[in-house]
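J.: Sharing a structure with you now.
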Amino acid sequence: MGGFYKEVNIKIDLPTAAEAIRRIEANIRNGKALGAAAIKIVHGYGSTGKGGKIRKEARRYLEEMRVRGVILDYITGEQFSIFDEQTRRAFGRCADLRQDRDLEQHNNGMTIIIL
C-alpha cells in the first residue's frame, strides 16, 4: 500500500467541456510525474439535474484513457464505496483514499482516477 492522491476541482470557473478535458489530461500527466497513485477530479453534476456535459465528457475521456492504458482505472463517485470491488482494489494502490470525505457518499459530481 502506498501512494498519495491529489484532489483537483476542474469546474471552479465553469470551463467548457473541452477545457475541462484539457485540465484532466494535464492533471494526469502531472500526477504521474509527481508519483501520485490517484487523482480525485471534482467535475460537478450539472445544473440540469440530468448530469452535466463536463461530467459526461470527463467519464467518456477517462474510459478512453483506461482502454488505451494511460490510466489503470477510474471510479465514479456513485460507486465509490467499500462494498465496490474496484474501490477496494484502489485502496491497495492508495490507502489514503480510505479517508476521502466522499467515500460512501455516492457523489456523482466527482471521479477518482487510478494512475
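J.: Could you derive backbone 3J(HN,Hα) for segment 103-115 from the dihedral phi with the Karplus parameters 6.51, -1.76 and 1.60 (θ = phi - 60°), listing whole Hz in sequence and x where the residue is Gly or Pro?
T.: Values, residue by residue: 4, 6, 9, 6, 7, 7, x, 8, 9, 9, 9, 9, 8 Hz.
J.: Extending each Cα 7 Å along its Cβ direction at R101 and A26, get the distance between those two points in nm, one decimal.
T.: Taking the simple label geometry, R101 and A26 are separated by 2.4 nm.
J.: What is the dipole size for the chain, taken about its Cα centre, with +1 at each Lys and Arg Cβ and -1 at each Asp and Glu Cβ, in debye to the nearest 20?
T.: Charge dipole, the chain, about its Cα centre: 260 debye, nearest 20.
J.: Moving on to the next point. For P(r) over Cα pairs in 5 Å bins from 0, in percent, one of [x] 2, 9, 15, 17, 15, 16, 12, 9, 4, 1, 0; [y] 2, 11, 21, 24, 21, 13, 5, 2, 1, 0; [z] 2, 13, 24, 26, 21, 11, 3, 0 was computed from the structure I shared and the rest are decoys. Which label?
T.: Matching entry in [x] 2, 9, 15, 17, 15, 16, 12, 9, 4, 1, 0; [y] 2, 11, 21, 24, 21, 13, 5, 2, 1, 0; [z] 2, 13, 24, 26, 21, 11, 3, 0: [z].
J.: Going by C-beta contacts inside 10 Å, put V42, V8, V67 in order with the fewest on the left. Please report the intermediate quantities before stating the final value.
T.: Working: V42 16, V8 20, V67 9.
So the ranking, lowest neighbour count to highest, is V67, V42, V8.
J.: Would you order M65, M110 from fewest to most other beta-carbon atoms within 10 Å of each residue's own beta-carbon?
T.: Result, fewest neighbours first: M65, M110.
J.: Separate question: I'd like the Karplus ³J(HN,Hα) series for segment 15-30: coefficients 6.51, -1.76, 1.60, θ = phi - 60°, whole numbers in Hz, and an x wherever there's a Gly or Pro.
T.: x, 5, 4, 4, 5, 4, 5, 4, 5, 4, 4, 5, 6, 5, 4, 4
J.: Here is a further query. Sort T16, T76 so the one with the fewest other Cβ atoms within 10 Å of its own Cβ comes first.
T.: In order of increasing Cβ crowding within 10 Å: T16, T76.
J.: Follow-up question, since we're still on this one. In segment 5-114, what is the count of Lys pairs whose alpha carbons are under 15 Å apart, counting only pairs at least 8 residues apart or on separate chains?
T.: Working: K6/K32; K6/K40; K11/K40; K11/K53; K11/K56; K32/K40.
Eligible lysine pairs with Cα atoms under 15 Å apart amount to 6.
J.: Out of residues 5 or more away from K40 or on other chains, whose amide H comes under 5 Å of its own, with H placed 1.01 Å from N in the peptide plane?
T.: K6, E7, V8, I113
J.: Pull up the DSSP beta bridges for segment 5-114 and report the antiparallel fraction as a percent, rounded to 5. Walk me through the numbers before you get to the answer.
T.: On the way: 9 of 14 bridges.
Expressed as a percentage, antiparallel bridges in segment 5-114 total about 65.
J.: Taking amide H positions as placed in the peptide plane 1.01 Å from N, state which residues far from D73 in sequence (5 or more) or on other chains have amide H under 5 Å from it.
T.: I114
Every number in this text was worked out from the coordinates using simple rules, so none of it is lab data. Computed from a predicted structure; not experimentally measured. Note: ideal-geometry Cβ built from the backbone for every residue, glycine included; neighbour counts use all protein chains shown.
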